[in-house]
2 protein chains.
Amino acid sequence: MKPGKDGYNVAIVGATGAVGRTMLEILTTRQFPVDRLRLLASSRSAGTVVETAWGDLTIEDLATADPSGTDIALFSAGADRSRAFAGSFAAAGAVVIDNSSAFRSDPDIPLVVAGVNDHAAFAHRGIIANPNCTTMVALMGVAPLARIAGLRRMVATSYQSVSGSGMAAMDELVDQVAWFQKNRDALVFGGWEEPDVKVYSRPIGWNVLPFAGEMAEDGHTNEEWKLVNESRKILDLPALVVEPTCVRVPVMVGHGIAASCYFDRPVDRQEAIEAIKASPGVQVWADRVATPLDSAGIDDVLVSRIRPTLSEDGGISLWAVGDNLRKGAALNTIEIAEVLVAG
Amino acid sequence: MKPGKDGYNVAIVGATGAVGRTMLEILTTRQFPVDRLRLLASSRSAGTVVETAWGDLTIEDLATADPSGTDIALFSAGADRSRAFAGSFAAAGAVVIDNSSAFRSDPDIPLVVAGVNDHAAFAHRGIIANPNCTTMVALMGVAPLARIAGLRRMVATSYQSVSGSGMAAMDELVDQVAWFQKNRDALVFGGWEEPDVKVYSRPIGWNVLPFAGEMAEDGHTNEEWKLVNESRKILDLPALVVEPTCVRVPVMVGHGIAASCYFDRPVDRQEAIEAIKASPGVQVWADRVATPLDSAGIDDVLVSRIRPTLSEDGGISLWAVGDNLRKGAALNTIEIAEVLVAG
């Protein structure tokens, strides 16, 4: 991967999605060294012209595009498209940084949270996986503690925004919020008729859905298993116990995670605050509560409510919240690219 | 407490609040044996006439009302008013069933979840305390498991609706939802100005607040300590370990609780389902996800996502959701009255 005169040839695959658009914005604002940019998406969007800092670009059809000449391909087009097309980009010499779940559990493919396990990125063979947005936000708060005291067990419960399910989910929330607003009594007394549901199996407006993803083994969803398996892989702790509950909430952007963590040795509040503060990409809000709205549109993950667990194990409970489109997705892929470029 | 010809003399104290109104509705629909009903509230509401199944009733001023002749006084007017007035009703011969936090931690005052520890009600000396709404919903799911296998530890994370904070909070949510609707970009990209906040310290519309109640000891809120101390008292397990996180969500009615529970002996999924099914006032939704909207306006607490914990402790994770105005408050006070009446 050698830069051209202004930098690298970068492709965004899935450029019209919620994460793809954020990738474009972050490449621009972080002044990533781009020589040539390509935008790719499904045939439905191909031909659309998008204004960018690198001129007006026409969206190319992923299915027929030639991957040659690409240095860095940022994929966020769903796991099926990653499985179908990431290999050809890698074979043509690109480093693929993939935001889907397609490769995360492959032991030969690094799974990287920038700021947590950057070193793992360099072991790539053409593809690097970006973790699930919930895992990412959780570990930005928990990894600094795991580093100093050895993480043994984490009970993690999520408050996931709808943008983690894409733009159609954001529209569904907006529609349902308006629909239920006209049925205010039903919100209090019940008796509503099920509104249109497309992305989710049940209403998300004025509600929470204690079920994110699809049912998988042992009564847990695939979203919950991602939190288990990805945390183990990123922290390099194969025996880590994770008890996950993944819940969708009627929030547009910003995933929150409540975690109670137990370590190999006791950790006190002040030590926990200092360890998290010393970690890049995280802000500790020690005396103020960080909410999803506070995290929307910013790069740092916010950690607050850092407190001792009430059991006698010397654990730490905390609340982490981060922009799932940025650190939870687009930002981390670009940070991984920055790690590679900096060498 | 001897009934008159049609039943008992019942007073609702705090009759104009969200819980007080629900008490009136539940007395009516459950056909509680009421001979005479009195409605009491602050001087602000005194004089208002309310249509009831027992005729048009004028709201009396709590501060100047004579408690004589009351058999059962259902209090939901805040802890300060309970501390000021519950004693005089009890001294005048009434049994006070108090929905506030005023007496819950008093070792001489029973704290009762109907269906869980009914026997405790009979030890009253004039006052019985109704637990916090979050504790109530959680224990409806967890107590049946504690009964069969001995509860050792519970990590509980809440998704609490705004009606738990009263009617002003419901209005605040509705206003903020409308306010942010006009600022949709701000929900995604940030850059919003703080909307009016009155009941909560931070915005609740399109957001979650990982802080319910007020800050208390050891970095936990008083709401979180209620979950700890009330669970210990109701289950009669003084050494129970509870790790609580209480979070407010933009839902009108219905508190959800995600709990991971560990017992003295392993419990499997089928055994857990059967134990909860056998308990009164609970529905097990084994193959369907129960949401706050499903719980609004109904009496039963709904329990779903019953599954083994992923650690090797043979624990159970579950999701319980219940109408915080009904089982979480008004319904339970009336169920306690029914327990007493049935003797």
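Against the definition (basic (K, R) and away from every other protein chain (no Cβ under 13 Å)), how does B:R152 come out, yes or no? So B:R152 does not fit the description; no.
Within region B:282-293, the only residue that satisfies the criterion of being at the interface with chain A (Cβ under 8 Å from one of its Cβ atoms) and surrounded by fewer than 22 Cβ atoms within 10 Å (Cβ to Cβ) is B:V289. Restricted to region A:174-187, and to residues there that are buried (at least 20 other Cβ atoms within 10 Å of the Cβ) and at the interface with another protein chain (Cβ under 9 Å from one of its Cβ atoms), the residue that is nearest to A:A296 (Cα to Cα) is A:V177. Just one of the listed residues (B:V242, B:V289, B:V253) is part of a strand (DSSP E or B) and either aliphatic (A, V, I, L, M) or outside the structural domain of B:S158 (by TED's automatic domain parsing) (or both), namely B:V242.
May I ask you to list pairs of residues, at least six apart or on different chains, whose Cβ atoms are under 8 Å apart, with the first in region A:26-44 being over 22 Å from A:A86 (Cβ atoms) and the second being outside any strand (DSSP E or B)? Close Cβ pairs (under 8 Å, with a partner that is outside any strand (DSSP E or B)) amount to A:T28/A:A53; A:R30/A:I334; A:R30/A:E338; A:P33/A:P3; A:P33/A:D6; A:P33/A:G7; A:P33/A:V341.
Scanning region B:201-232 for residues that are more than 10 Å from chain A (Cβ to nearest Cβ), under 19 Å from B:V251 (Cα atoms) and over 19 Å from the mean Cα position of the chain (by Cα) yields a count of 0. Would you check if A:D323 is of a type in the set (D, E, K, R), within 14 Å of another protein chain (Cβ to nearest Cβ) and surrounded by 24 or more Cβ atoms within 10 Å (Cβ to Cβ)? Against the criterion (of a type in the set (D, E, K, R), within 14 Å of another protein chain (Cβ to nearest Cβ) and surrounded by 24 or more Cβ atoms within 10 Å (Cβ to Cβ)), A:D323 qualifies.
What do you reckon, is B:V241 touching a Lys or Arg at 6+ places or on another chain (Cβ under 7 Å) and at the interface with chain A (Cβ under 10 Å from one of its Cβ atoms)? Considered against the rule, which asks whether it is touching a Lys or Arg at 6+ places or on another chain (Cβ under 7 Å) and at the interface with chain A (Cβ under 10 Å from one of its Cβ atoms), B:V241 comes out as yes. With respect to B:S304, is the statement that it is surrounded by fewer than 24 Cβ atoms within 10 Å (Cβ to Cβ) and within 22 Å of the chain's Cα centre (by Cα) true? So B:S304 fits the description; yes.
For region B:250-265, enumerate the residues that are over 23 Å from the mean Cα position of the chain (by Cα) and of a type outside the set (D, E, K, R).
B:Y262, B:F263
Checked against the criteria, B:G256 does not count as touching a residue at least 12 places away in the same chain (Cβ under 8 Å), surrounded by fewer than 24 Cβ atoms within 10 Å (Cβ to Cβ) and either within 11 Å of another protein chain (Cβ to nearest Cβ) or within 19 Å of A:V247 (Cβ to Cβ) (or both). The test for being in a strand (DSSP E or B) and within 30 Å of A:Q283 (Cα to Cα) holds for A:I12. Would you confirm whether or not region A:27-39 contains a residue that is under 26 Å from A:R232 (Cα atoms) and either of a type in the set (A, V, I, L, M, F, W, C) or modelled with pLDDT under 95 (or both)? Looking through region A:27-39, none of the residues is under 26 Å from A:R232 (Cα atoms) and either of a type in the set (A, V, I, L, M, F, W, C) or modelled with pLDDT under 95 (or both). The residues in region A:269-281 that are closer than 18 Å to B:M215 by Cβ and either charged (D, E, K, R) or within 7 Å of chain B (Cβ to nearest Cβ) (or both) can be counted, and the count is 1. Taken over region B:115-134, the criterion of being crowded, with 18+ Cβ neighbours inside 10 Å and among the small types (G, A, S) is satisfied by B:G115, B:A120, B:A121, B:A129. Residue check: A:D268 meets all listed conditions (1) within 24 Å of the chain's Cα centre (by Cα); (2) surrounded by fewer than 21 Cβ atoms within 10 Å (Cβ to Cβ) but one, namely (1).
Which residue, of B:T64, B:T52, B:T58, is surrounded by fewer than 19 Cβ atoms within 10 Å (Cβ to Cβ) and touching a residue at least 24 places away in the same chain (Cβ under 8 Å)?
When all the criteria are applied, what remains is B:T52.
Only residues that are more than 21 Å from A:L187 (Cα to Cα), of a type in the set (D, E), touching a residue at least 40 places away in the same chain (Cβ under 8 Å) and assigned to a loop (DSSP other than H, G, I, E, B) were counted across region B:303-341, and they come to 1.
Here A:V267 does not fit the description of being more than 24 Å from A:R147 (Cα to Cα) and in a loop (DSSP other than H, G, I, E, B).
Quick check, is B:G297 of a type outside the set (S, T, N, Q), surrounded by fewer than 22 Cβ atoms within 10 Å (Cβ to Cβ), farther than 23 Å from B:H119 by Cα and under 21 Å from the mean Cα position of the chain (by Cα)? Yes: the conditions hold for B:G297. For region A:158-168, the set of residues classified as within 16 Å of the chain's Cα centre (by Cα) and either part of a helix (DSSP H, G or I) or farther than 21 Å from A:V251 by Cα (or both) consists of A:V162, A:S163, A:G164, A:S165, A:M167, listed by residue number.
The values are calculated or read from the model by the stated rules, or taken from the named source; none is laboratory data. No experiment lies behind these values; they were computed from the predicted model shown. For neighbour counting, all protein chains shown are included, and Cβ atoms are generated from backbone atoms with ideal geometry for every residue, glycine included.
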